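Asks: Structure provided below as structure tokens; questions to follow.
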Amino acid sequence: MKYASIIAQEALHIKAAALDDVSALATLRYQWRTGERGEEGLSFSAFTDEFRLWMEIHSASHVPFLGTEGSEPIAMGWLAIVDRVPGPSISNDVQATCRAFTWQKPSGHGVSGPH
């Protein structure tokens, strides 16, 4: 249980996030998209404003999760719950998709263990 002991030592906490967590979620998303993907566009401040509005509009279909180590945001996940496109044998079905991002910490230990 090597990874379990790392998680326990680092006090990892994952919770369903809310609008109160928009700053942490926006920071992680901005770091991911600009730092790892090289995207350019909105300033961080403008992005955070747009991100908050998007979260408000999509709160019924996109459920955010926030992972912290102590008080430091280090991971986020999004569960998208949407109606499935109907087919001859499917009706009133729901489809769910999850997307996650973990910020690689300078110490070299991420949520999944040493890298």
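The values are calculated or read from the model by the stated rules, or taken from the named source; none is laboratory data. Just so it is clear, the model here is predicted, and its values are computed rather than measured. Note that each Cβ is placed from the backbone with ideal geometry, even for glycine, and that neighbours are counted across all protein chains shown.
Asks: Consider residue 65 carefully, then state whether it is hydrophobic (A, V, I, L, M, F, W, C), free of Cβ contacts under 8 Å to residues at least 60 places away in the same chain, surrounded by 15 or more Cβ atoms within 10 Å (Cβ to Cβ) and in contact with a Gly (Cβ under 6 Å, 6 or more places away or on another chain).
Replies: Yes: the conditions hold for residue 65.
Asks: Take the range 14-42 and flag every residue that is exposed (fewer than 13 other Cβ atoms within 10 Å of the Cβ), outside any helix (DSSP H, G or I) and more than 13 Å from the chain's Cα centre (by Cα).
Replies: Result: 37, 38, 39, 40, 41.
Asks: Mind listing whichever residues of the range 68-96 are modelled with pLDDT of 75 or more, surrounded by fewer than 11 Cβ atoms within 10 Å (Cβ to Cβ) and not acidic (Asp, Glu)?
Replies: Within the range 68-96, 70, 71, 85, 86, 87, 88 qualify.
Asks: If you don't mind, there's one more thing I want to ask. Which residue out of 49, 21 is of a type in the set (D, E, K, R) and touching a strand residue (DSSP E or B) at 6+ places or on another chain (Cβ under 6 Å)?
Replies: Result of the check over 49, 21: 21.
Asks: Further question on the same structure: Which ones in the range 43-67 are assigned to a helix (DSSP H, G or I) and within 15 Å of the chain's Cα centre (by Cα)?
Replies: 48, 51, 52, 54, 55
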